[in-house]
Structures are given as structure tokens and as C-alpha cells.
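The values are calculated or read from the model by the stated rules, or taken from the named source; none is laboratory data. Just so you know, these numbers come straight off a predicted model, no measurement behind them. Cβ placement follows ideal geometry from the backbone for every residue including glycine, while neighbour counts extend to all protein chains displayed.
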């Protein structure tokens, strides 16, 4: 289903049952619109924060079940309907907005723990909302979902190093840069030397481990949803493979999935993989 943006990972495909598919699209459009407020265009920081505050007002209105003119507008009307029809929690939506606001003001992360804390609010809430949608919110499922969501977020960061740097952001942890003797000047110069290649191998391995760790969740979900999740994980693994295949040189071209890659995604989706990538 087209939701207005290119994605390397399937969003609300035909595998999602129709009733739940509408809710998935509502969640996605809300998150995508809010993320764009933080990332796109040339609005000053305070204007971005003010716009995100409007999104927070809408989420609060949905949570309190009060009438607010905002809830008659897109993307809030369909989101409110999804929350109401499926009794979805609104705390994950607020977490997403908190992360997007952080993107406006925080542009560096000292270490992986700090970056992981950001991912807990920028990525993990989506998986938690979907588990709530499918009524599969066990502790083990939530842990696996968090691993997948953060793994996908990291894959996105590593393919977009150059794009993010142009926006003034570096998601590579500062201590990882120092440990591998890589400076931000190398990013500015698009310099892919031995140190950079080693750093990127380390980062893609970290993301891959998370995706593989969370992958068993697919077998604990209804078969159509499990198949969808295997496709999502396979897409993330394929992106990491593409980054490794060019020795981490994400400067020359942003890794995207080719028709051949999508065939591999299909194979990984239909044939359950073991514990390694």
C-alpha cells in the first residue's frame, strides 16, 4: 500500500488483514507526518517544536476522549478511529513525538546507550502499538519487537549517514567514532577508508544481531502477520547486506533494494531462517 513515502521495508501490505490494515496505515501516516515536521523543509527549530506540540495536543485529546477540532483533520481523524476501534494505548504515540522533538534539539549521541534510549522512543513504540493491535503483548513478544524495531532504526541510520550529516545530525555514537579513529571530517569529506569500513562493519553487525534476535517473534504471531514481520526483518537484513557489500561506502549512493534484493526478501520471508543472518 502506498503511504506517500519510499520505504525499504513493507508497510501495511496485503498480508495484514483489512480491518487491522487501516489502523496500521493510520499509525504510519501519523508517525510519518510527525517525523517530517522534525526533518523536512527549512522551518526554524521553534516552529518545528510548535508544530509537534500540536500533534501532542491531538494525542492528548484522543487519550482523554475529548472533542477537539484537530481530531477532524488528517492524520488525526483516522488515528483517533484506530485507537477507539482497537483500544490502542496512546503512550507509545506520545513517545514517538518526544523522540521527534528530540531530533530538533539533539544532534549527537555520546554512546550506544544514549542512542538506544532514543530508539526506545523513536522506533520501539511502533512495534508495541502493533502488538497491541494484534493482542500479542507478552513480555517476550515486547522484548523481541523492541529488538526488531531498533535494528530497523539502526539500519536506517547507517544507510543515511550522509543524508543525516547534511541535516547536521550524526547518529553514529561518538565513542564508536573515537574507538575506530574516525572523525566527523571523514563524513563531511565522504572518505571511506579502512577505519571507516571497520566502523561500519561493527555498526551493521550490531543492527543485524538485533534483527536476528527478534526474528523468532514472527512464529508467535498469526500466520499472515508473522509473514509480514518476516518480510520486514528480511528487508532490514537486505539493507545491512547492501551496506556491507559496498564496504560501508554509503556516501556514493544510498543503499536501496533492487529487484534482485526483493527476490531475496521474498525468499527469506517464505523460507524461515535459522539463528544466523
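Annotations
- Total residues in the range 84-133, condition in a loop (DSSP other than H, G, I, E, B), surrounded by fewer than 20 Cβ atoms within 10 Å (Cβ to Cβ) and in contact with a helix residue (DSSP H, G or I) (Cβ under 7 Å, 6 or more places away or on another chain): 5
- Qualifying residue in the range 143-153 (condition: under 26 Å from residue 222 (Cβ atoms) and in the same structural domain as residue 47 (by TED's automatic domain parsing)): no
- Unmet requirement for residue 182, which otherwise passes all of (1) modelled with pLDDT of 85 or more; (2) surrounded by 16 or more Cβ atoms within 10 Å (Cβ to Cβ); (3) out of contact with any helix residue (DSSP H, G or I) (no Cβ under 6 Å at 6 or more places or on another chain): (3)
- Looking only at residues in the range 170-179 that are touching a residue at least 60 places away in the same chain (Cβ under 8 Å) and surrounded by fewer than 18 Cβ atoms within 10 Å (Cβ to Cβ), the one that is farthest from residue 194 (Cα to Cα) is 170.
- Residue among 50, 35, 67, 39 that alone is modelled with pLDDT of 95 or more and surrounded by fewer than 20 Cβ atoms within 10 Å (Cβ to Cβ): 50
- Residue selection: residue 190 fails the criterion of being within 30 Å of residue 140 (Cβ to Cβ), in the same structural domain as residue 117 (by TED's automatic domain parsing) and touching a residue at least 40 places away in the same chain (Cβ under 8 Å).
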